1. Taking a ≥ b ≥ c as the square roots of the Cα gyration tensor eigenvalues, with a/c under 1.5 meaning rounded and otherwise prolate when a/b beats b/c, else oblate, which class fits the chain?
2. State the Cα centre-to-centre distance between region 89-132 and region 22-38 in whole Å.
3. Listed here are the pairs Lys6/Lys38; Lys6/Lys93; Lys103/Lys140; Lys6/Lys103; which of them are more than 24 Å apart at the Cα?
4. For region 1-79, just say rounded, prolate or oblate: build the C-alpha gyration tensor, square-root its eigenvalues into a ≥ b ≥ c, call rounded for a/c under 1.5, and beyond that prolate if a/b exceeds b/c, oblate if not.
5. With +1 on each Lys and Arg Cβ and -1 on each Asp and Glu Cβ, how big is the dipole of the chain about its Cα centre, in debye rounded to the nearest 20?
6. Using θ = phi - 60° and the Karplus curve 6.51 cos²θ - 1.76 cosθ + 1.60, what whole-Hz ³J(HN,Hα) does each residue of region 69-86 get, with Gly and Pro shown as x?
7. Which listed residue (Ala121, Thr29, Ala84) has the Cα farthest towards the positive end of the charge dipole for the chain, taking +1 on Lys and Arg C-beta and -1 on Asp and Glu C-beta about the Cα centre?
8. Given the DSSP H assignment, sum -39500 (n - 2.57) over each helix run of at least 4 residues in the chain and divide by its residue total; what's the result at 222 nm in deg cm²/dmol, nearest 500?
Amino acid sequence: MTVSIKQLTTEQEWMEAYAVMVQLRTELTVEKYQTLLKEMIQDGYLLFALYENINIVAVAGLSWRVNFYNERHIFIYDLVTDEAHRSRGYGEKLLHYLHQWGKENGAHYISLESGIQRISAHRFYEDRLGYEKWCYSFRKAL
């Protein structure tokens with residue numbers, strides 16, 4: 001078994017990632033995924049995948065951001081491992097790769113948000129990866 005990680009840059013690769021992404025973003029249809037992704041890519045969104053042999057088993061979507069409290073940093077919007085491949089360390093491998101990639105490219109921090117109900121994910125981020133919970137994120141529908 002060969003494990004590799006790469007940035008996805010073609011429409012074909014993005015479509016191969018859909019089957020995994022939709023497991024996190026369950027409301028996405030193929031059409032909505034393609035439409036939003038096209039706009040997100042133009043806005044600087046990057047999509048990375050972890051492959052087991054030739055199959056995508058985990059994906060992470062992120063973008064570069066700069067602000068006063070995190071300075072130049074990577075914000076992870078999406079992180080999901082295929083249901084059939086969970087608990088094999090793939091999410092952790094992908095995040096470690098992104099930590100190193102971010103550091104090499106000048107990031108001061110890497111940050112993400114996680115749904116309030118995702119208690120096991122929070123333990124993963126805090127206990128296994130050393131992330132700190134330091135704020136709440138709010139939104140309001142317009």
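No lab work stands behind these numbers, since they all come straight from the coordinates. Note that the structure is predicted; figures quoted are calculated from it, not measured. Don't worry about glycine lacking a Cβ; one is built from the backbone with ideal geometry, like all the others, and counts go over all protein chains shown.
1. It is rounded, given that a/c, with a ≥ b ≥ c, falls under 1.5.
2. 23 Å
3. Lys103/Lys140
4. Details: a/c = 1.99, a/b = 1.31, b/c = 1.51.
The shape class here is oblate.
5. Details: 16 positive and 18 negative charges, 76 e Å.
That gives the chain a dipole magnitude of about 360 debye.
6. Each residue of region 69-86 in turn: 8, 10, 6, 7, 8, 9, 10, 8, 8, 9, 8, 8, 10, 3, 3, 6, 10, 6 Hz.
7. Ala121
8. It lands at -9500 deg cm²/dmol.
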